[in-house]
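Q: First the structure, which I've put down as structure tokens, then a few questions once you've had a look.
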Amino acid sequence: MNLPQFSEAGTVLCCMLVLLVPLAIVGLALLNTGLGRSRSAAQSMLGSICILAVAAIAYFVFGFWREGYAGLPQHTISIAGKPWGWLATGSFFLHGLRLDGSPASLAAMLQIFAVALAALIPWGSGADRWRLRAGCLSTAIFAGIVYPLFAHWVWGGGWLAQLGTNYGLGLGFMDAAGSGTLQAAGGLTALAIVWIAGPRYGKFQRGQMPAVFPGHHIVFVLLGSMLMLAGWIGLNGAGALLFAGIAPGRIVMVAINTVLCASGSLLTAFFVTHYRFGKPDASLSANGWVAGLAASSAICASVTPSAALLIGLMLGGAIPFIAEALELHCGIDDPTGGISMHAAGGLWGVFAVGFMGRFGVPVLGQLLAQLAGIATLLGFVLPLAFVLNWLLNRLVPFHGGGEGERAGMDMYELGAGAYPEFVIYADEFLPR
Amino acid sequence: MKLTGFLLLLTGWALTLAAIVLLPRAGARAAFMLAGIAVELLGLVLVTRAYLEQSEGTP
């Protein structure tokens, strides 16, 4: 990776881009809330703010210490004569990091927001049954342990980034703004959470089709999706500057690629659902949009706009089928579609950059480096997230239980609902 | 079955890493890396099946 050297104008540009990222957090919080039940809406939004707070603090205390930044010292082990960087050697509480606009300090600032964005993915997938306290503790594990470890390997100069220099695999694992590091890691953690927490009561019954619990506020979902575009342009722009070392002028290409990938993905999801169901499905179309954004993070700095559009078109066509397969054939109760949007979208982005990215190196080598990253996400990040959360579930049970679901997580955990003056839901617990 | 699935996930990852370290030729390396990812996918299927059996018992 080329370590970036910013002029004062470049530093200001990077700061401005980072300051857009909270819009992605707001957008994802709205999307998560809108796709959940009305009786869990307040808990969902409060949880989103709490998760932002916990993720920021956990990353500040532990995260950056474990992750570091390219060029900073790291622990290495020697395997067959090659150094494998596996952990940074920083200090707690960002100690020793000069917060003066240096690339390392900008990276820390970006990731305080970005890790919160990734931590919101499991929160959405566990909606309507995941307790707030357990969600906050799980976020601390994600932001303090799981994410920094993988992020160090990719962005901190670790062994995945070194695959190019050590083994001639292209430029090493390339993930400009976090399709793998943020989106797939968050999506796979969401899968672990859904496995541990289990489905909502009444979702799957033997011999029947899964029950449909429609989202309660599709306007939230679509507004959130649009807000996420602004946040994603900031995320991708800042990530490409800090982790892919692009020149500030190429932010134009990053922004165009981001919107084209998301647009292509949305439109194919729209048409696929229209063709299959007779009418377009708003929530699956929004899933397509967000999946396109998730995939754009890896490709934004290294493909042509036409390739970005193509990558989005291919992804959006698959998203409705992936979401359906997860629910019908895998028994995954994911109210927001976070696993299909972020895990599948992110992994597709990481893979696509291997054969469509223009790095000036042999395609096969780059593709193998990308496959190594995908294998690490599936074979290391997912089991690690599962084991840590499984242990946490033993201490603080994740599922709110039947009472939590019947009364709604709002009444169960907060004692008050989001919409106290309206009865706006049917009770699916009544016998049919 | 769940434990076996997670062990397969780890084994597939180890296969991928071993291919990178031990095999210098691009073709053999690619083949073994793909085999490693296939093992991971098998592990994912096993964990999912174990989860399906477990969730069918929930109300």
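The values are calculated or read from the model by the stated rules, or taken from the named source; none is laboratory data. Since the structure is predicted, the reported quantities are computational estimates derived from the model, not experimental observations. Using ideal geometry, Cβ is built from the backbone for each residue, glycine included, and neighbour counts are taken over all protein chains shown. Areas reflect the complete protein model, heavy atoms only, side chains present, ligands, DNA and RNA absent. Shrake-Rupley method; radii C 1.70, N 1.55, O 1.52, S 1.80 Å.
Q: Return one number: the angle in degrees, 0 to 90 and rounded to the nearest 10, between the long axis of the Cα atoms of helix A:41-58 and the longest principal axis of the Cα atoms of chain A.
A: Tilt relative to chain A: about 20 degrees.
Q: When the Cα centres of region A:155-177 and region A:73-127 are compared, how far apart do they sit, in Å?
A: Their Cα centres are 16 Å away from one another.
Q: Right, another one. Beta carbons within 10 angstrom, averaged per residue: use that to sort the peptides A:103-111, A:70-78, highest first.
A: Per-residue mean Cβ counts within 10 Å order the peptides as A:103-111, A:70-78.
Q: Provide the gained length on full extension for the span A:Val363 to A:Val212, in nm with one decimal, where the gain is 0.36 nm per separating residue minus the Cα-Cα distance.
A: So the extension gain works out to 50.0 nm.
Q: Between 0 and 90 degrees, rounded to the nearest ten: what's the tilt of helix A:103-125 against the longest Cα principal axis of chain A?
A: For helix A:103-125, the angle is close to 20 degrees.
Q: With the other protein chains left in place, how much accessible area per residue, in square angstrom, belongs to the protein assembly as shown at a 1.4 angstrom probe?
A: It amounts to 38 Å² per residue over the protein assembly as shown.
Q: Still on this structure, please answer the following. Using just the helices of chain A, give the 222 nm mean residue ellipticity in deg cm²/dmol: DSSP H runs with n ≥ 4 each add -39,500 (n - 2.57), and the total is spread over all residues, rounded to 500.
A: Roughly -19500 deg cm²/dmol at 222 nm, from the helical runs in chain A.
Q: Also: In straight Cα distance, which aspartates and glutamates are under 17 Å from A:Lys203, not counting same-chain residues fewer than 8 positions off?
A: Answer for A:Lys203, where 17 Å is the Cα cut-off: A:Asp128, A:Glu324, A:Glu327, A:Asp333, A:Asp334, A:Glu403, A:Glu405, A:Asp427, A:Glu428, B:Glu53, B:Glu56, listed by chain and number.
Q: Moving to a separate point now. Once B and A are treated as a pair rather than alone, how much accessible area drops out, both sides summed, in Å² to 100, probe 1.4 Å?
A: 2600 Å²
Q: Show me the ranking of peptides A:5-14, A:320-329, A:125-134 by mean Cβ neighbours inside 10 Å, starting with the highest.
A: A:125-134, A:320-329, A:5-14
Q: Roughly how crowded by other chains is peptide B:7-19, in terms of the mean Cβ count from those chains within 10 Å of each of its Cβ atoms?
A: Averaged over the peptide's residues, the number is 4.
Q: Looking only at Cα atoms, what is the convex hull volume of region A:50-197 per residue, in Å³?
A: 108 Å³
Q: What do the square roots of 5 times the Cα gyration tensor eigenvalues come to for chain B, in whole Å, largest first, as semi-axes of the equivalent ellipsoid?
A: 31, 9, 5
Q: Let me ask you something else. Once Rh is set to the Kirkwood radius over Cα pairs, what Stokes-Einstein translational diffusion coefficient, in µm²/s, holds for chain A at a temperature of 10 °C and a viscosity of 1.306 mPa s?
A: 74 µm²/s
Q: While we're here: What number does region A:145-191 give for Rg over Rh if you use C-alpha atoms and the Kirkwood radius?
A: Using only Cα positions, Rg/Rh for region A:145-191 is 1.02.
Q: Oh, and also: May I ask for the angle, rounded to the nearest 10°, between helix B:26-55 and the longest principal axis of chain B, with both axes built from Cα atoms and the value confined to 0 to 90°?
A: In chain B, helix B:26-55 runs at an angle near 10 degrees to the longest axis.
Q: Now for a separate question. Residue by residue through A:71-82, how many Cβ atoms from other chains fall within 10 Å of the Cβ on average?
A: Going residue by residue through A:71-82 and averaging, the value is 1.
Q: Scaled to the compact-protein estimate 2.2 N^0.38 Å, what is the alpha-carbon radius of gyration of region A:226-359, rounded to two decimal places?
A: Region A:226-359 yields a ratio of 1.02.
Q: Carbon and sulfur atoms: what percent of the 1.4 Å accessible area of the protein assembly as shown do they account for?
A: Looking at the protein assembly as shown in its full context, I get 70 percent from C and S.
Q: What's the whole-number percent of alpha carbon pairs in region A:220-265 lying beyond 12 angstrom?
A: 61 percent
Q: What does the highest-first list of A:179-186, A:30-37, A:226-233, B:45-52 look like by mean Cβ count within 10 Å?
A: A:179-186, A:30-37, A:226-233, B:45-52
Q: Go ahead and set up a Gaussian network model of chain B, Cα springs under 10 Å, then flag whichever of B:Leu42, B:Leu34, B:Leu22 fluctuates most.
A: B:Leu22
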